[in-house]
1. Figure the gain on full extension for D66 and V190 (residue separation times 0.36 nm, minus the Cα-Cα span) and round it to one decimal in nm.
2. First select every other residue whose beta carbon is under 12 angstrom from the beta carbon of L187; then total the charges, Lys and Arg +1, Asp and Glu -1.
3. Straight-line reach from K133: which aspartates and glutamates have Cα under 19 Å away, leaving out those fewer than 8 places along the same chain?
4. Which value, in Å² and to the nearest 10, is the accessible area of C184 when all protein chains are kept and the probe is 1.4 Å?
5. Just reorder D29, D66, D78 by solvent-accessible area, largest first, 1.4 Å probe, all chains present.
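The values are calculated or read from the model by the stated rules, or taken from the named source; none is laboratory data. Please read all numbers here as calculations on a predicted model, not as lab measurements. We place every Cβ from the backbone using ideal geometry, glycine too, and count neighbours over all the protein chains shown. Calculation scope for accessible area: heavy atoms of the full protein, side chains included, ligands and nucleic acids excluded. Shrake-Rupley method; radii C 1.70, N 1.55, O 1.52, S 1.80 Å.
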Amino acid sequence: MGKGLTASQKTEIAKSALKTRTLITISLDSGPFRILANDSSASIVINSNTYYARMVQASDIETSLDGTTDSMSISVSDIAQEFSALVANNGDVLTNRGCKVEEVIFDGNTTTIIGDPILLFDGKINKIQLTAKTFVFTVERILNNYSSLSPNMIFDVNCQWRFKDSRCTYSGAETKCDKTLTRCKALSNVTNFGGYPSVVLPTPTK
């Protein structure tokens, strides 16, 4: 616990009766399914919301070797078998569902959450494992695929933009451009030149 808190917040919490708890919220068609990390197995109602109090273990956030996915492993005790019953009655309605992992400051003397939850991780559920005692799953977040979302960059002495496109922006009367820096200067459009004059071209082999 305490992954999202500052050192001073942790110190103040240690001095008081307050406790930090992991809060897991799964988005289902029937509404949010909330799990509050707690040693007991009773449900807790806070602000008209029902929280299933369960023992929760959450791993650190890990990034895949290819850098495309962040993930966190979650293990929840399923003493009352809510998850087992959910899957048994409805099939796998959990995979690819949105899941938020947050940290809350919880007043241990009353059922009160103090302040706003601190978001630790937000992603989708995958790799579900159900046993008689535990519900284990990962929360995965797909990172931006820059190779497909970003335009390719060509490192050449000549301009890489298409003449008069949105990146070239030239809108004059000229209809031809050889994409050289000299021509771009003649057209007074050097600020939008998309080439790299400092690139050294390889010497042609004979």
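1. Result for the pair: 40.9 nm of gain on full extension.
2. The answer is +3.
3. Excluding near neighbours in sequence, the set is D39, D78, E82, D92.
4. Estimated to the nearest 10 Å², C184 gives 10 Å².
5. So, going from the largest accessible area down, we get D29, D66, D78.
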